[in-house]
Ligand code: F6P
């Protein structure tokens, strides 16, 4: 009887090993070493590159869920192109991407890679994709990241660009993911500054982000009733565009003043102009003037509903066109519709600054 019991226990242990332990280990091996080669599934990857922007996680979720629903396998490349060169991969499944749309930043992390910017770097990245069976990559980022996507496509790996940057500075699209959230963050901060500015009858010079594009400055300037808005697209005359406007507002009864300065005003050297402008305003007008830079505060925070929806739609579109075998495309929003455009054409496009809105904002700020 005892012997029979022992035999039965050994039998149960063998059953456990065969049905539970072995399958778990082989899955772990497969996800680490052979992402693209199981079951002949098409394997596509996604990475985030350059400055992060709120909404990137919503893209990752929508892209992953759409790809999986179409029978594809999805790899997350961590730390942008740098991570691709370092084979920093994770498999994305439905569980990994659940509940991430509300998170700012990017769960995949981001970087600006120097090595990938060389022909050797691109070749190495393409070889790694082939080694891991990665058939295509969606790159969320700005113009610089799209140039990388074009180079990688030319090296044989199908890439699709998705516009993700708070600056709204990508020419081929009316909208870039993160812009709305960044503007709402900046607007809330300006409103707070206005409270203290009003209490002390002061002038505040505020620098908002946007190295090559004044859209954040223009739109937050209009919405916050700024008296002066300086953008990188328009050269300004200090006397006429700053001092005379502040004096005129004072004559109209204003006792406090808001001056919004886009980051790239005075050139893209990254040497801020806000403190010089503030010092000169105080010297010329006698109004006590303070300055501050919102900087990276504008890059963080939970994405607004607009960013989550645009991000989701762009993520879905990217997964669909990669499944169709399209490559070298950038996803864009044009007149409210999500479309895709050839990357090279997209990089050469021109989107004029909204001078009409700028003039309106200046009339209202008087
Ligand atoms: O993502 C765009 C941006 O925020 C620009 O507005 C700004 O000039 C730049 O990135 C800052 O980059 P970094 O985070 O590398 O300092």
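The values are calculated or read from the model by the stated rules, or taken from the named source; none is laboratory data. Nothing here was measured: the structure is a model prediction, and the numbers come from that model. Don't worry about glycine lacking a Cβ; one is built from the backbone with ideal geometry, like all the others, and counts go over all protein chains shown.
Details
- In the set (1) over 19 Å from residue 361 (Cβ atoms); (2) at pLDDT below 95, residue 274 fails one condition alone, (1).
- Residues being within 25 Å of residue 118 (Cβ to Cβ), within 16 Å of the ligand (Cβ to nearest atom) and part of a loop (DSSP other than H, G, I, E, B) - total across region 37-85: 5
- Matching residues in region 184-196 - criterion: being in contact (Cβ under 8 Å) with a residue 60 or more places away in the chain and either within 16 Å of the ligand (Cβ to nearest atom) or surrounded by fewer than 21 Cβ atoms within 10 Å (Cβ to Cβ) (or both): 184, 185, 186, 189, 193, 194
- Any chance residue 137 is out of contact with any strand residue (DSSP E or B) (no Cβ under 7 Å at 6 or more places or on another chain) and either surrounded by 14 or more Cβ atoms within 10 Å (Cβ to Cβ) or outside the structural domain of residue 158 (by TED's automatic domain parsing) (or both): no
- Failed criterion for residue 173 (all others in (1) under 17 Å from residue 341 (Cβ atoms); (2) in the same structural domain as residue 262 (by TED's automatic domain parsing) hold): (2)
- Single residue of region 79-102 satisfying the filter (over 24 Å from residue 41 (Cα atoms) and buried (at least 18 other Cβ atoms within 10 Å of the Cβ)) that is farthest from the chain's Cα centre (by Cα): 82
- Residue that is farthest from the ligand (Cβ to nearest atom), among those in region 212-246 that are surrounded by fewer than 17 Cβ atoms within 10 Å (Cβ to Cβ) and within 15 Å of residue 168 (Cβ to Cβ): 223
- Residue 123 meets the stated requirement of being out of contact with any helix residue (DSSP H, G or I) (no Cβ under 9 Å at 6 or more places or on another chain), surrounded by fewer than 23 Cβ atoms within 10 Å (Cβ to Cβ) and in the same structural domain as residue 62 (by TED's automatic domain parsing).
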